[in-house]
Amino acid sequence: MTRTKTAILVFPDVEVLDFCGPFEVFGVTRLDEAKRREEPSPFDVYLVAETADPVRATGGLRVVPDHSFETAPAADLLVVPGGWGTRPLLTNSRAVEWVKRQADGAKLTLSVCTGSLVLGAAGLLSGKRATTHWMALGLMRGMFPDVTVVDHLHWVEDGVHTSAGISAGNDLALRVVAKLCGEPVARTTARYME
């Protein structure tokens, strides 16, 4: 089986569930539930940070990335989570450029919560529809006037995939599983996570 290389960006003050939720969804997905213990997920999930140093997420959780920007393989699927740490990322040209490069080569790019602001800073939302956490909808409108900000949907698919608040990232990840692996696999994954 060729596994989908799934890069999840982590950074200081990343929202824990924003990256752990999709990590869990993609990590526990199985194409054959009867072989759950014998076969890996069709998603090869790894964490990427600017450096290989541990990152402190919200609440103080220490996270050790698998790769730095320099060592990360090209992703098939890129996940950009949110949290208060997205604000400094918006002016971090190294991070924004890495996101743009990875997204340019990826089959799918998705954001959770305010991770959409990073996608906007990378120019990936220009002329598209997108959403973000309800508290950041106005910020998104002000920062990216060429983006049609959608405030009534849990997630928006328009070339890139953006989701609303924290838990919406799990729903979007399950949606991606359905697109790539089929609805029955997504339903089985959701059931397993229950």
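Every number here is computed from the coordinates shown, using simple stated rules; none is lab data. Not measured: the values here are computed from a predicted model. All Cβ positions, even for glycine, are placed from backbone atoms using ideal geometry, and neighbour counts span all protein chains on display.
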If you scan region 145-168, which residues turn out to be surrounded by fewer than 21 Cβ atoms within 10 Å (Cβ to Cβ), over 12 Å from L110 (Cα atoms) and free of Cβ contacts under 8 Å to residues at least 60 places away in the same chain? P145, D146, T148, V150, D151, H152, L153, H154, G165
Within region 59-73, how many residues are over 30 Å from V185 (Cβ atoms) and surrounded by 13 or more Cβ atoms within 10 Å (Cβ to Cβ)? 2
Considering only region 4-58, state which residues are among the charged types (D, E, K, R), surrounded by fewer than 24 Cβ atoms within 10 Å (Cβ to Cβ) and closer than 17 Å to A95 by Cβ. D13, E50, D53, R56
Qualifying positions in region 61-111 - small (G, A, S) and under 25 Å from A168 (Cα atoms): A75, G82, G83, G85, A95, A103, G105, A106, S111
Evaluate the following for L125: is it in a loop (DSSP other than H, G, I, E, B), on the phi < 0 side of the Ramachandran plot, in contact (Cβ under 8 Å) with a residue 24 or more places away in the chain and crowded, with 18+ Cβ neighbours inside 10 Å? yes
Out of (1) under 26 Å from T189 (Cα atoms); (2) more than 12 Å from the chain's Cα centre (by Cα); (3) hydrophobic (A, V, I, L, M, F, W, C), the odd one out for V80 is which? (2)
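Run down T148, T188 and say which single residue is out of contact with any helix residue (DSSP H, G or I) (no Cβ under 8 Å at 6 or more places or on another chain) and hydroxyl-bearing (S, T, Y). Walk me through it before giving the result.
Details: T188 fails: out of contact with any helix residue (DSSP H, G or I) (no Cβ under 8 Å at 6 or more places or on another chain).
Every option except T148 fails the conditions.
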Hey, does region 86-94 have a residue that's under 19 Å from A7 (Cα atoms) and surrounded by 22 or more Cβ atoms within 10 Å (Cβ to Cβ)? yes
Kindly indicate whether any position in region 27-39 is touching a residue at least 24 places away in the same chain (Cβ under 8 Å) and closer than 24 Å to S68 by Cβ. no
Scope region 17-59; condition closer than 22 Å to V176 by Cα and touching a Gly at 6+ places or on another chain (Cβ under 6 Å); matching residues: D18, G21, P22, S41, V45
